[in-house]
Every structure is written in C-alpha cells, then in structure tokens.
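Colleague: To start, I am sharing the structure in question, which I have written as structure tokens.
The values are calculated or read from the model by the stated rules, or taken from the named source; none is laboratory data. Small disclaimer: the values here were computed from a predicted structure and weren't measured. A quick note on method: Cβ atoms are made from the backbone with ideal geometry, for glycine too, and the neighbour counts reach across all protein chains shown. Surface accessibility is based on the protein's heavy atoms, side chains included, excluding ligands, DNA and RNA. Shrake-Rupley method; radii C 1.70, N 1.55, O 1.52, S 1.80 Å.
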Amino acid sequence: QVQLVESGGGLVQAGGSLRLSCAVSGSIFSIDVMGWYRQAPGKQRELVATITSVSSTNYVDSVKGRFTISRDNAKNTVYLQMNSLKPEDTAVYYCNARTLSKGYWGQGTQVTVSS
C-alpha cells in the first residue's frame, strides 16, 4: 500500500506561483512513476506531469516551461512548482503513484488562479 498526502494549494493571482507537495509513505520501493494530475469543474482529470524513479520527467504541453516536477527521495516527497499561473490552471490537483500492479491517489488540493 502507498499513502499520498498533498499540500500547498490555495488562491493566487494570475502570473503568480505556487508549490505543491506530495508526501509519500508506505511501500515506496514499489513505486515506478509519480505524477500530478488535475481536474477542473466539468472536465475530465488530466495528466499534468510525471517523474520516474530515475527522475525522467514529462509534461503536458499546456504547462511546459511553467511547471516543474521534482522529487526529494530523502524526504519521500514529490513537488510541483507552478509559475506564471493562468486562470485556466484552476483545478483540484491530485498526486498519483503508480506501481506495476496499481495506482494510488491522494485526496487532492485546490488551486484557484484569479484573473
């Protein structure tokens, strides 16, 4: 089992920054890929960024150059640094951990970007 707890969401003006954190506990050794997803009202959940166990990263086109995913293995934490935020980034952001057999989700953290 893997447990994920997100933090760091909030309200920010357009152009501002936020850093989300995802604290990971449990069977950490079994995790293959960590990721951040988001879900805006009335929309499907979408992938934002992923990072592998060797820190290879991938981003959805809409956040490239603005968001950075990283991990601190000593703290068992994955981060999402979000810069130059836009109103369209408003969503609930979820941390995800993927093993060979299943995926795990955090409870989500709300990010609201005002124009």
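Colleague: Name the residues in segment 52-67 that are part of a loop (DSSP other than H, G, I, E, B) and open to solvent by less than 60 Å² (accessible area, probe 1.4 Å), would you?
Modeller: So in segment 52-67, the residues part of a loop (DSSP other than H, G, I, E, B) come out as 53-56, 60, 64-66.
If the condition is that a residue be part of a loop (DSSP other than H, G, I, E, B) and open to solvent by less than 60 Å² (accessible area, probe 1.4 Å), then V60, R66 are the ones that fit.
Colleague: Among (1) closer than 18 Å to V113 by Cα; (2) modelled with pLDDT under 95; (3) small (G, A, S), there is one condition S101 misses while meeting the rest; what is its number?
Modeller: Among (1) closer than 18 Å to V113 by Cα; (2) modelled with pLDDT under 95; (3) small (G, A, S), the lone unmet condition for S101 is (1).
Colleague: With the requirement that a residue be in contact with a Phe, Trp or Tyr (Cβ under 7 Å, 6 or more places away or on another chain) and among the acidic types (D, E), what does segment 37-74 give you?
Modeller: E46 - this is the single residue of segment 37-74 that is in contact with a Phe, Trp or Tyr (Cβ under 7 Å, 6 or more places away or on another chain) and among the acidic types (D, E).
Colleague: Taking the condition out of contact with any strand residue (DSSP E or B) (no Cβ under 6 Å at 6 or more places or on another chain) and open to solvent by less than 70 Å² (accessible area, probe 1.4 Å), does T99 pass? Give the derivation first.
Modeller: Details: out of contact with any strand residue (DSSP E or B) (no Cβ under 6 Å at 6 or more places or on another chain): yes; open to solvent by less than 70 Å² (accessible area, probe 1.4 Å): yes.
Considered against the rule, which asks whether it is out of contact with any strand residue (DSSP E or B) (no Cβ under 6 Å at 6 or more places or on another chain) and open to solvent by less than 70 Å² (accessible area, probe 1.4 Å), T99 comes out as yes.
Colleague: Would you mind telling me which numbered condition in (1) of a type outside the set (A, V, I, L, M, F, W, C); (2) in contact with a strand residue (DSSP E or B) (Cβ under 6 Å, 6 or more places away or on another chain); (3) within 22 Å of S114 (Cα to Cα); (4) surrounded by 12 or more Cβ atoms within 10 Å (Cβ to Cβ) R71 fails?
Modeller: Looking at each condition in turn, R71 falls short on (3).
Colleague: Output yes when any residue across segment 19-30 is in a loop (DSSP other than H, G, I, E, B) and touching a residue at least 60 places away in the same chain (Cβ under 8 Å), and no when none is. Break it down stepwise before answering.
Modeller: Taking segment 19-30 first, the residues in a loop (DSSP other than H, G, I, E, B) are 27.
If we keep only those that are touching a residue at least 60 places away in the same chain (Cβ under 8 Å) as well, we get 27.
Yes.
Colleague: From V92, V113, which residue is in contact with a helix residue (DSSP H, G or I) (Cβ under 8 Å, 6 or more places away or on another chain), open to solvent by less than 40 Å² (accessible area, probe 1.4 Å) and not in a helix (DSSP H, G or I)? Spell out how you get there, then give the answer.
Modeller: Numbers: V92 fails: in contact with a helix residue (DSSP H, G or I) (Cβ under 8 Å, 6 or more places away or on another chain).
None of the other options fit; the residue is V113.
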